[in-house]
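Chemist: Below you'll find the structure I mean.
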Amino acid sequence: MRIAAGSNVLVHLKPAPVVARVMTGTAVLHDDPEQWLGREVAVGAFLAGRTDLVVPPTDILPPGPHEHDGLWMTLWQFVPHDEQAATPEPRELGRSLRGLHAALADFPGALAPLSGIRDWLEQLLDELRPSSVLTREDIDSLRVELEALTPAVFESSLPAQALHGDASMSNLLRTDIGLVWNDLEDVCAGPVAWDVAGLVASASARGQSAKFSEQLLAAYGDPGVKGLETFLEAHALYDIVWQASEARRRPRAMKRATASLARWRERRAG
């Protein structure tokens, strides 16, 4: 049974408590999906032995990566969760991310650096074409902004460690034991500020207030919560480029692309 469809498709392999995560939209970002997904599974297995804050790879059969008919997938444990759960409290979010980072800090394997995300964005920008949503001037401005943000964010001199890579509220599940992180596909190595800013940005995009973000950051604590502005700008740029790219493949993504672009233009104007 399909349980989610977006950039990737998730299928619950009932009656087995296994979820197949099938790369669809994100496959275009990676030259070597097997290596990329192998890192995701390795980090998931590592974390599963240390914390209950993440969805673990399945132990019923080999978790992959597997390739079938040109599609790459990994297999994960099905974790019962409340799909209609209310928005988590900000302090719970902050503590959950802090706990995840504490567990990730000791990951011994090699991970792609955060600069890899910059490389994806450059690739996507090269593929974008002017449209009713995105003008040539927009594309050129996004490219200039990406270059300007690179030294402070994607090639930051701040301490680096293993990161979730896509620490948004959409990648959290509400379970009987609390919040559980999902979707480790974008694991990488970089400053914790990247994940912290991602969580704050996703809360803001869902209409949460500045006070909500302040409480989230207070619960996360130091280090990682100071000097977030450039990381927040990088996440805003990431969201625009990714949504614009998705809109070419999935017309339903056009609304989100338009909204992301409007927020970016407003911020630049103000």
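Chemist: I'd like the full set of residues that are assigned to a loop (DSSP other than H, G, I, E, B), touching a strand residue (DSSP E or B) at 6+ places or on another chain (Cβ under 8 Å), surrounded by fewer than 20 Cβ atoms within 10 Å (Cβ to Cβ) and modelled with pLDDT of 90 or more, limited to the range 1-55.
Modeler: Within the range 1-55, Leu13, Pro17, Asp52 meet the criteria.
Chemist: Can you find a residue that is surrounded by fewer than 17 Cβ atoms within 10 Å (Cβ to Cβ) and under 12 Å from the mean Cα position of the chain (by Cα) anywhere in the range 181-189? Before you say what the answer is, go through the steps one by one.
Modeler: Taking the range 181-189 first, the residues surrounded by fewer than 17 Cβ atoms within 10 Å (Cβ to Cβ) are none.
Checked against the condition, which is being surrounded by fewer than 17 Cβ atoms within 10 Å (Cβ to Cβ) and under 12 Å from the mean Cα position of the chain (by Cα), the range 181-189 yields no hits at all.
Chemist: Do we find a residue being outside any loop (DSSP other than H, G, I, E, B) and more than 19 Å from Leu47 (Cα to Cα) anywhere in the range 173-192? Spell out how you get there, then give the answer.
Modeler: Within the range 173-192, the subset outside any loop (DSSP other than H, G, I, E, B) is 173-175, 178-181, 188-190, 192.
Retained after the next criterion (residues that are more than 19 Å from Leu47 (Cα to Cα)): none.
Among the residues of the range 173-192, not one is outside any loop (DSSP other than H, G, I, E, B) and more than 19 Å from Leu47 (Cα to Cα), which makes the answer no.
Chemist: It is to be established whether one or more residues within the range 216-234 are more than 21 Å from Phe107 (Cβ to Cβ), in contact (Cβ under 8 Å) with a residue 60 or more places away in the chain and exposed (fewer than 15 other Cβ atoms within 10 Å of the Cβ).
Modeler: yes
Chemist: Next question. Give me the residue from the range 56-89 that is of a type in the set (Ser, Thr, Tyr) and part of a loop (DSSP other than H, G, I, E, B) and, out of that set, surrounded by the most Cβ atoms within 10 Å (Cβ to Cβ). Can you show your working first?
Modeler: Within the range 56-89, the subset of a type in the set (Ser, Thr, Tyr) is 58, 74, 87.
Still in the list and also part of a loop (DSSP other than H, G, I, E, B): 58, 87.
On the way: Thr58: 22, Thr87: 14.
Per the criteria, the residue is Thr58.
Chemist: Are any residues in the range 131-154 open to solvent by less than 70 Å² (accessible area, probe 1.4 Å) and farther than 27 Å from Gly227 by Cα, and if so, which ones?
Modeler: Scanning the range 131-154 gives Ser131, Val133, Leu134, Thr135.
Chemist: Please determine whether any residue of the range 219-240 is under 25 Å from Gln35 (Cα atoms) and among the hydroxyl-bearing types (Ser, Thr, Tyr).
Modeler: The answer is yes; a qualifying residue exists.
Chemist: Considering every residue within the range 194-208, establish whether at least one is at pLDDT 95 or above, out of contact with any Leu (no Cβ under 7 Å at 6 or more places or on another chain) and surrounded by fewer than 20 Cβ atoms within 10 Å (Cβ to Cβ).
Modeler: Within the range 194-208, one or more residues are at pLDDT 95 or above, out of contact with any Leu (no Cβ under 7 Å at 6 or more places or on another chain) and surrounded by fewer than 20 Cβ atoms within 10 Å (Cβ to Cβ).
Chemist: Condition check: closer than 30 Å to His101 by Cβ and either touching a His at 6+ places or on another chain (Cβ under 9 Å) or buried (at least 18 other Cβ atoms within 10 Å of the Cβ) (or both). Does Ala257 satisfy that?
Modeler: Numbers: closer than 30 Å to His101 by Cβ: no; either touching a His at 6+ places or on another chain (Cβ under 9 Å) or buried (at least 18 other Cβ atoms within 10 Å of the Cβ) (or both): yes.
So Ala257 does not fit the description; no.
Chemist: Okay, next question. For the range 238-248, state whether one or more residues are free of Cβ contacts under 8 Å to residues at least 24 places away in the same chain, acidic (Asp, Glu) and open to solvent by 20 Å² or more (accessible area, probe 1.4 Å).
Modeler: No, the range 238-248 contains no residue that is free of Cβ contacts under 8 Å to residues at least 24 places away in the same chain, acidic (Asp, Glu) and open to solvent by 20 Å² or more (accessible area, probe 1.4 Å).
Chemist: Return a yes/no flag: does the range 238-256 have any residue that is under 17 Å from Leu93 (Cβ atoms) and either assigned to a helix (DSSP H, G or I) or β-branched (Val, Ile, Thr) (or both). Don't jump to the end; show me each part of the working.
Modeler: Filtering the range 238-256 down to residues under 17 Å from Leu93 (Cβ atoms) leaves none.
Looking through the range 238-256, none of the residues is under 17 Å from Leu93 (Cβ atoms) and either assigned to a helix (DSSP H, G or I) or β-branched (Val, Ile, Thr) (or both).
Chemist: A further question follows. Residue by residue through the range 147-172, note down the ones that are of a type in the set (A, V, I, L, M), part of a helix (DSSP H, G or I) and in contact with a helix residue (DSSP H, G or I) (Cβ under 6 Å, 6 or more places away or on another chain). Step through it out loud before you land on a result.
Modeler: So the first thing to find is which residues in the range 147-172 are of a type in the set (A, V, I, L, M), and the list is 148-149, 152-153, 158, 160, 162-163, 167, 169, 172.
Checking the rest, the ones that are also part of a helix (DSSP H, G or I) come to 148-149, 152-153, 169.
Matches in the range 147-172: Leu149, Ala152, Val153, Met169.
Chemist: Give the residues of the range 94-120 that are part of a helix (DSSP H, G or I), open to solvent by less than 30 Å² (accessible area, probe 1.4 Å), of a type in the set (A, V, I, L, M) and at pLDDT 95 or above, sorted by residue number.
Modeler: Within the range 94-120, Leu97, Leu100, Ala103, Leu104 qualify.
Chemist: Another question, then. Pairs needed: first member in the range 58-84, small (Gly, Ala, Ser); second member anywhere, part of a strand (DSSP E or B) and open to solvent by less than 90 Å² (accessible area, probe 1.4 Å); C-beta distance under 9 Å; at least 6 residues apart or different chains.
Modeler: That search, which allows pairs on different chains as well, returns Gly64/Ala20; Gly64/Arg21; Gly64/Pro57; Gly64/Trp72; Gly64/Met73; Gly64/Thr74; Gly64/Leu75.
The values are calculated or read from the model by the stated rules, or taken from the named source; none is laboratory data. Here the structure is a predicted model, which means the values were calculated and not measured. Reconstructed Cβ throughout: ideal geometry from the backbone, glycine too, with neighbour counts over all protein chains shown. We work out accessible area using only protein heavy atoms, side chains counted, and drop any ligands, DNA or RNA first. Shrake-Rupley method; radii C 1.70, N 1.55, O 1.52, S 1.80 Å.
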